[in-house]
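What follows is one structure encoded as structure tokens, with my remarks underneath.
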Amino acid sequence: MEDDRLAKWLAKSYDAEGLNEEPVLSKIIESIDQFAIDPIDEERLFEKISAKRNTNKPGLLRSLKWIGAAAASLIMVFAAQQLFFTAQSTSTTFQETASVHLPDESVVTLNSQTSIHYNKSFNDRQLTLKGEAFFEVKKGSTFSVKTKHGTIEVLGTSFNVFSRDSFLIVTCATGKVQVSSLSQSTILLPGQQSSLVDDKLIVSTVPIEDIQNWTGSKSHFSKMPLVVVLSALSHHYGFAIDAGIVDLQSLEFTGSFVHSDIDKALKMVLLPFNIQYEINQYGIRLKQ
Amino acid sequence: MSSKQDKRFKTHYTRLVQPIFRFIYYKCGDRVLAEDIAQDTFIRFWNKIETVKEGGESAYIYRIAKNLLINHGQKQKVSLKFQQTLRQNQENHSPQFLLEEKEFKQKVERAISNLSEKQREVFLMNRIDGLKYREIAERLDISQKAVEKRMQLALLALKKIHKKI
């Protein structure tokens, strides 16, 4: 019987002979062996466990309580050191999204090729964003998002930020959002969107269901400058897009592109404008 | 509760918290749920630590985690996602190559997600946690033969994705 042959093979596949025997499987295993899973924050979890456990078990001897408290505060001091002096960051690559739970219980969903940086303690509720992300902010003190072209400040709301290339586009889903660029500042209400394109801050309205528009299998846009849509597409698939001689100014796109197929996505965006394209080794080149 | 038991708890917590988190993630494909269950698992372990035999901690902790997940009672299709540690400077590759790599990775992820829960947990404990079959058998309190059997089935299933590549 050979019903565990592959299992046995894998267990000792470190010798070269084994690898020759199963070349196909070896390739798959090699790829899997590079997979990793983001670890959880052990110390934060440990504090939660200590806290929960103590509330579950009242009535310990007083002296032991003191020892426990001393131990806990030592751990806290140690944890605080770790917390205050370490920066934390998360990033995604092409065609990848990630959900980050911040220490204040706010949730950030990162679109592809996006990164955020913040202090591990997150007491200041401040983070730096590159790329595109959707924020669901827990009510509390001022929460601010810094980007290359401006800062967004809120108290407790949800909103989307697109900060790529020279654009800063902020869309408010619930609550109020204050957007400040170097020269201008505006307050957005639900369904309003501010676009900072070429140093001009324009406020428009969008359907609320389109705001977290990229978390499904497509990205939706309504009346968005085509250059912004192409920037989103290029960052999603990781291809550079070269406009060549095609004039994209003043073109606005309403519609969506798919996340799984670059050819289909390009057709969805470019066909309505009758723009052709070719894919070469450097990326995508547009043609009239 | 003596500080000796607290020390014992901390030792096993440090050793097993990430593996337990991953173990639940392999089973349910949900990071948030996996973290919650890891938390409850260690609270229970701490409360019961005096009744746990020395040397039997791993099997005990894995059993609680498994039971908590069963109690939680969700049985839906899972979709696991992995980070990829980069093997070389990828900037030199063409976009086409990167796209193909990405597609391959997604195919493998899908194939892993489609394995049965028992095959998947054993397979990933072996490949990602780097545990030997004997160590997996100890933690899950099953025979080494059973581990090999599950590995065999998992590998046969993975081999099939080649046809679709």
| request: Within 10 Å of each Cβ in peptide A:44-52, how many partner chain Cβ atoms are there on average? Round it to a whole number, please. | output: 5
| said: In chain A, once you exclude exposed trypsin sites (Lys or Arg not before Pro) (DSSP loop, at most 15 other Cβ within 10 angstrom), what's the longest stretch remaining? | reply: A:149-288
| said: Test of understanding: express the Cα radius of gyration of chain A as a ratio to 2.2 N^0.38 Å, with N the residue count. | reply: 1.31
| A:Lys218: which aspartates and glutamates have alpha carbons under 15 Å from its alpha carbon, excluding same-chain residues fewer than 8 sequence positions away? | A:Glu96, A:Glu132, A:Glu209, A:Asp210, A:Asp261, A:Asp263
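Above 16 angstrom, tally the Cα pairs of segment A:187-287 and express them as a % of all pairs, no decimals.
Pairs farther apart than 16 Å: 58 percent.
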| task | Given the options A:Glu43, A:Glu22, A:Glu278, state which has the largest fluctuation in a GNM of chain A using a 10 Å cut-off (strictly under) for Cα springs. | result | A:Glu22
| said: Using Cα springs under 10 Å in a Gaussian network model of chain A, which residue among A:Ser231, A:Ser181, A:Ser250 shows the largest mean-square fluctuation? | reply: A:Ser250
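Taking each residue in B:22-30, count the Cβ atoms of any other chain within 10 Å of its Cβ, then average. What number comes out? Walk me through the numbers before you get to the answer.
Numbers: counts 5, 0, 0, 3, 1, 0, 0, 0, 0.
Per-residue shielding by partner chains comes out at 1.
Let's test the formula: R0 of 25 Å, r as the Cβ-Cβ distance of B:Ile70 and B:Lys7. What FRET efficiency results, to the nearest 0.05?
On the way: r = 31 Å, r/R0 = 1.23.
The value I calculate is 0.20.
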| Hey, in the GNM for chain A with a 10 angstrom Cα cutoff, which one of A:Asn111, A:Asn274, A:Asn123 fluctuates hardest? | A:Asn274
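Okay, helix-only estimate at 222 nm for chain A: each DSSP H run of n ≥ 4 adds -39500 (n - 2.57), divide by all residues, round to 500 deg cm²/dmol; what do you get?
Values: 7 runs with 82 residues, N = 288.
The per-residue figure over chain A is -9000 deg cm²/dmol.
Please tell me which of these pairs span more than 22 angstrom C-alpha to C-alpha: B:Lys105/B:Lys160; A:Lys267/B:Lys105; A:Lys48/B:Lys48; B:Lys118/B:Lys149; B:Lys102/B:Lys160? The partial results should precede the final answer.
Numbers: B:Lys105/B:Lys160 15 Å; A:Lys267/B:Lys105 25 Å; A:Lys48/B:Lys48 18 Å; B:Lys118/B:Lys149 11 Å; B:Lys102/B:Lys160 19 Å.
Violating the 22 Å Cα-Cα cut-off are A:Lys267/B:Lys105.
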| field | Relative frequency of Cα-Cα separations exceeding 20 Å in chain B, percent | value | 58 percent
| What nm distance separates the two modelled labels at A:Glu252 and A:Val107, each placed 7 Å from Cα along Cα→Cβ? | 3.3 nm
| said: Could you tell me which residue out of A:Gln95, A:Trp9, A:Val107 lies farthest along the dipole of the protein assembly as shown toward its positive end? Charges go on the beta carbon: Lys and Arg +1, Asp and Glu -1, centred on the Cα centre. | reply: A:Trp9
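What is the ratio of the Cα radius of gyration of segment B:90-164 to 2.2 N^0.38 Å, with N the residue count, to two decimals? Present the calculation step by step, with values, prior to reporting the outcome.
Working: Rg = 15.2 Å, N = 75, 2.2 N^0.38 = 11.3 Å.
In units of the globular-protein estimate, segment B:90-164 measures up at 1.34.
Can you figure out the FRET efficiency of A:Ser26 with A:Ala70, using R₀ = 35 Å and their beta-carbon distance, to the nearest 0.05? Working shown, then result.
Details: r = 54 Å, r/R0 = 1.55.
With R0 = 35 Å, the Cβ-Cβ based efficiency is 0.05.
Can you work out the FRET efficiency for the pair B:Lys53 and A:Ser141, with r the C-beta to C-beta distance and R0 = 51 Å, to the nearest 0.05?
0.55
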| request: Rank B:His72, B:Val52, B:Asn126 by how far each Cα sits towards the positive end of the charge dipole of chain B (+1 on Lys, Arg Cβ; -1 on Asp, Glu Cβ) and give me just the farthest. | output: B:Asn126
| field | Spread of Cα-to-Cα distances over 10 Å intervals beginning at zero, given as percent, for segment B:3-72 | value | 21, 56, 21, 2
| note | Of the residues A:Phe162, A:Leu74, A:Ile262, the Cα lying farthest along the dipole of chain A towards its positive end, which is defined by charges on the beta carbon of Lys, Arg, Asp and Glu, belongs to A:Leu74
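Values in this text are rule-based calculations from the coordinates and carry no lab data. What you see is a predicted model; the values in this text were computed from it and never measured. Using ideal geometry, Cβ is built from the backbone for each residue, glycine included, and neighbour counts are taken over all protein chains shown.
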